[in-house]
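Working notes for the structure below.
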Amino acid sequence: MDEKSLNLRKETYTKRMVTDTILLITGIICIVFLSLITDLSSIFSDTTCPLEDWTMGQILITISLIMIASLIFAYRRYHDIKDAIKEFNSINAIKEEFIANLRHELKTPLVPIRGYSEILYDGSLGEINKKQKEALKKMFDSSEKLERLIDSLIFISVARSGDIEYTFTTLKINDVATGAIVDIADQLSQREQEIDIDIRSDLPYIEGDRKYLKEALIQILENASKFSPNGQKIQLIIHEGYKSLHIKVIDRGIGIPEEELDNIFARFYQIDGSKTRRYGGNGLGLHIARTIVEAHRGNIWIESEPEIGTTVHVRLPTPNHGVKK
């Protein structure tokens with residue numbers, strides 16, 4: 001059961017519990033009303049009660065049975081919600097434990113794989129021909145992707161427990177952006193894509209963790225590259241806003257349907273989760289970006305239209321109301 005299914009189930013049960021409550025209140029009002037009319041008819045002897053010809057006992061029993069049934073259903077629905085939440089939390093706990101145990105086992109053998117493939121590629125262990133070099137380059141790139149995936153899982157696992165340690169320093173966002181672009185240069189080259197950069201040189205300094213801010217920007221740019229056609233340009237715009245820096249990453253890719261926007265930052269969420277999906281990825285990129293941005297007291301949101309493109313917005317606060325150094 002995922003978070004979306006749980007929320008939908010909770011919403012359905014909540015509506016039903018509200019209906020049950022309304023039925024209970026209505027039943028109580030009916031009983032009070034009937035009792036009041038009966039009492040009034042006995043007080044005023046000249047007044048004939050319109051309910052005298054009715055079977056009062058049957059009416060009261062029917063209403064009471066409806067109220068009892070409503071109470072039973074409300075009680076069952078309450079426990080259904082409670083059980084669903086317990087099940088969801090249990091699955092999450094198992095997932096977190098699995099990630100925590102697996103991360104060490106995955107990363108340990110990856111170190112010599114990367115190291116030896118790099119030594120072979122550089123020719124340190126002897127000359128290699130062009131085809132061998134191409135094969136080693138693919139091996140090295142694949143091990144790099146695997147390492148990034150493991151790092152993403154580790155980050156998610158640690159972030160869930162609240163143990164991420166950020167080192168905040170005064171830095172320029174220009175340097176962070178440059179580092180992120182360099183890190184994804186190979187992916188852009190393979191897809192024949194370029195980044196159109198619009199970053200002002202006189203932007204104010206910000207307080208942040210250089211490593212994690214670069215990671216957030218890498219995740220956003222990689223996402224834009226992945227969902228954009230080969231040869232398409234991606235825009236990176238950073239301007240000064242009100243007491244903040246406003247970062248925009250704009251692509252002309254497939255876009256995101258409006259009904260998916262609320263879920264796009266969820267962990268492991270894929271727009272196309274089918275077995276035949278066209279695009280790779282693990283559904284962690286935007287979740288990681290949001291986690292890092294929010295840790296920097298910033299905010300992130302998305303504007304998108306299917307078949308037109310997507311714009312990811314990030315706002316990061318500037319200290320001292322944007323003082324430039």
Out of Tyr166, Tyr212, which single residue is within 24 Å of the chain's Cα centre (by Cα), of a type in the set (Ser, Thr, Tyr), assigned to a helix (DSSP H, G or I) and over 23 Å from Gln232 (Cα atoms)?
Tyr212
Would you be able to say whether some residue in segment 134-156 is of a type in the set (Phe, Trp, Tyr), within 17 Å of Asp183 (Cα to Cα), touching a residue at least 12 places away in the same chain (Cβ under 8 Å) and in a helix (DSSP H, G or I)?
yes
Within segment 272-325, restricting to residues that are of a type in the set (Ser, Thr, Tyr) and part of a loop (DSSP other than H, G, I, E, B), the one that is modelled with the lowest pLDDT is Thr276
Would you say Asp141 is closer than 26 Å to Arg297 by Cβ and either surrounded by fewer than 16 Cβ atoms within 10 Å (Cβ to Cβ) or at pLDDT below 90 (or both)?
no
Anything in segment 181-202 that is over 20 Å from Lys138 (Cβ atoms) and in contact with a Leu (Cβ under 6 Å, 6 or more places away or on another chain)? List them, or say none.
Ile195, Ile197
I'd like to know if segment 124-137 contains one or more residues that are at pLDDT below 80, over 23 Å from Glu222 (Cβ atoms), among the β-branched types (Val, Ile, Thr) and surrounded by 15 or more Cβ atoms within 10 Å (Cβ to Cβ).
no
Filter segment 112-141 for residues that are in contact with a helix residue (DSSP H, G or I) (Cβ under 9 Å, 6 or more places away or on another chain) and closer than 24 Å to Lys211 by Cβ and give the result.
Ile113, Arg114, Glu118, Phe140, Asp141
Residue that is farthest from the chain's Cα centre (by Cα) [pool: residues in segment 242-256 that are outside any strand (DSSP E or B) and under 18 Å from Pro229 (Cα atoms)]:
Arg252
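The values are calculated or read from the model by the stated rules, or taken from the named source; none is laboratory data. Quick caveat, the model's predicted, so the values are computed rather than measured. Don't worry about glycine lacking a Cβ; one is built from the backbone with ideal geometry, like all the others, and counts go over all protein chains shown.
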